[in-house]
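*Asks:* Sharing a structure, written as C-alpha cells. Questions coming.
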Amino acid sequence: MNGADISFVHLGIAIQNLKNDLYIFGFRIAFYGIIIGLGMLAGIWIAQSDAKRRGQDPEWYLDFALYGIIFAIIGARCYYVIFQWDNYKNNLLQIFNLRAGGLAIYGGVIAAILTLIVFTRIRKLSFFSMADSGVLGLVTGQIIGRWGNFFNCEAFGGYTDSLFAMRIKLSLVNDGMLTQEVLNHRIVENGVEFIQVHPTFLYESMWNLGLLLFMLWYRYRKKFDGEMLWIYLFGYGLGRFWIEGLRTDQLILFHTGIAVSQALSLILALSAAVVWLYRHRQERQKTKGEV
C-alpha cells in the first residue's frame, strides 16, 4: 500500500491512482456528478416501487422528481453559501459556480420537503402519504451519493488509527478541510505526505444503509401516513449528529462555534421522536375507542 493515493490501512485496501473524473469528447465529467446522478435515479426507482406496492400512481413521483431535484440542488447550494458567506460576499458570481463544489445535503432535504408540500397541495394529494415512499428514495440517494465524497477526497473526520482509518495523499486534499490536529499526525513515506482520518462519508453511507433496511422492513408495519418520514428524520438526524461531530469541514453557525448541521440534526431527531410517540399514542387511543 506504500504510495497509494488512498488506502484503508488496517483493512488492506488501497487505490494506487485515484481518478475523480473522465473525459468524453474532450468534456470533463466528474465522478462526483455521475454518482449523484446514479443516486437520484436509484432513489426515484425505490420510491416508485414502494408507491406501486401501496397502490399509488408511480408517475406522481417522477413528476415530483422533475421539480424536487432542481429545488434540492438550489437548496443545497443556498444552505452552503449562507454558512460560508465570508467566502462569497466579495465575489457573488462564485455562488453560481457549482463546479467548484459546495453543496450541503441538509439544504437539499429541506428544499425537497418544501417542494413536496407545494406539489401535493397543487395536485391535491396527501403530503404524508407521498413522503412515506419519498424518504425511501431520499435515503437511497444519500447512500450512493456519499461515495462522490470518496472520489473528491473530502467529507472526512479528524485523525484516527481505528480499524477504518483512511490514509490520503496530502496533495489530493483541499487545504480548507485540514485541521491542525490532522496535520500534526501527518505521515511521510518516501518523501510523500499523507493524512490519516475517519472516513465519515463511509460512516454516513453505512448508517443510511442500515436505516434504509430498517425502513424497508418496518414499512409493512406502519400505523399511520407520515410514519416513515418521522422515522427517517429521527434515524438520519441521530446518525448525522454523531458523524458531523467527527468532520473537519463543518459549517459553523455564524461565528458561534456551533456546527449548524449537528445542531439541526439534534433538533430534527428529537422533534421527530416526539411527533412519532405522540402519533402512536393517538393511534392506540383510537384503537381502544373502536373496541
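*Asks:* What would the Debye equation give as log₁₀ I(q)/I(0) for region 26-163 at q = 0.11, 0.18 Å⁻¹, counting only Cα atoms as equal point scatterers?
*Replies:* For the requested q values the scattering log ratios are -0.47, -1.05.
*Asks:* Enumerate the whole-percent occupancy of each 5 Å bin, from 0 to the last occupied one, for all C-alpha pair distances of region 143-223.
*Replies:* 3, 14, 21, 19, 14, 9, 7, 5, 4, 3, 1, 0, 0
*Asks:* Pairing the Cα long axis of helix 59-82 with the longest principal axis of the chain, what angle in degrees results, from 0 to 90 and rounded to the nearest 10?
*Replies:* On a 0 to 90 degree scale, this one is about 50.
*Asks:* On to the next question. For every other residue with a beta carbon closer than 14 angstrom to the beta carbon of Val188, add +1 if it is Lys or Arg and -1 if Asp or Glu, then tell me the sum. Can you show the working numbers first?
*Replies:* Working: positive: Arg167, Lys169, Arg186; negative: Glu189, Glu193.
That works out to +1.
*Asks:* Could you give me the ³J(HN,Hα) list for region 197-211, computed from phi with Karplus coefficients 6.51, -1.76, 1.60 and θ = phi - 60°, whole Hz, x at Gly and Pro?
*Replies:* Running phi through 6.51 cos²θ - 1.76 cosθ + 1.60 with θ = phi - 60° gives 9, 6, x, 5, 4, 5, 4, 5, 4, 6, 4, 5, 5, x, 5 Hz.
*Asks:* Looking at Ile6, Gly37, Tyr236, which one has the Cα that reaches farthest to the positive end of the dipole of the chain (charges on Cβ: Lys, Arg +1; Asp, Glu -1)?
*Replies:* Of the listed residues, the answer is Tyr236.
*Asks:* Roughly speaking, what % of Cα-Cα pairs in region 49-103 are separated by over 20 Å, rounded to a whole number? Mind showing how you got there, number by number?
*Replies:* Working: 655 of 1485 pairs.
Here the long-distance tail beyond 20 Å is 44 percent of all Cα pairs in region 49-103.
*Asks:* Going by average Cβ density within 10 Å per residue, which order do the peptides 26-33, 211-218 take, highest to lowest? List each step's numbers first, then the result.
*Replies:* Values: 26-33: 12.8, 211-218: 15.1.
The peptides rank, most packed first, as 211-218, 26-33.
*Asks:* Starting from the Kirkwood radius over alpha-carbon pairs of region 187-291, derive D by Stokes-Einstein at 4 °C in a medium of 1.567 mPa s and give it in µm² s⁻¹.
*Replies:* Numbers: Rh = 16.3 Å.
Translational D for this selection: 79 µm²/s.
*Asks:* In percent, what relative contact order does region 1-134 have, based on Cα pairs under 8 Å that are 6 or more apart in sequence?
*Replies:* For region 1-134, the relative contact order is 18 percent.
*Asks:* Hey, another quick one. Quick one: angle between helix 260-290 and the longest Cα principal axis of the chain, in degrees between 0 and 90, rounded to 10, please.
*Replies:* Result, in degrees: 20.
*Asks:* Separate question: Project the alpha carbons of region 1-44 onto their principal axes and report the range along each, largest first, in whole Å.
*Replies:* On the principal axes, region 1-44 reaches 36, 30, 8 Å in Cα extent.
*Asks:* So how tilted is helix 31-53 from the main axis of the chain? Cα-based, degrees 0 to 90, rounded to 10.
*Replies:* Rounded to the nearest ten degrees, it is 20.
*Asks:* In Å and whole numbers, how far do the C-alpha atoms of region 86-235 stretch along each principal axis, longest first?
*Replies:* 63, 43, 20 Å, listed from the longest principal axis down.
No value in this document is a laboratory result; all are computed from the given coordinates. Since we're looking at a predicted model, the values are computed, not measured. Don't worry about glycine lacking a Cβ; one is built from the backbone with ideal geometry, like all the others, and counts go over all protein chains shown.
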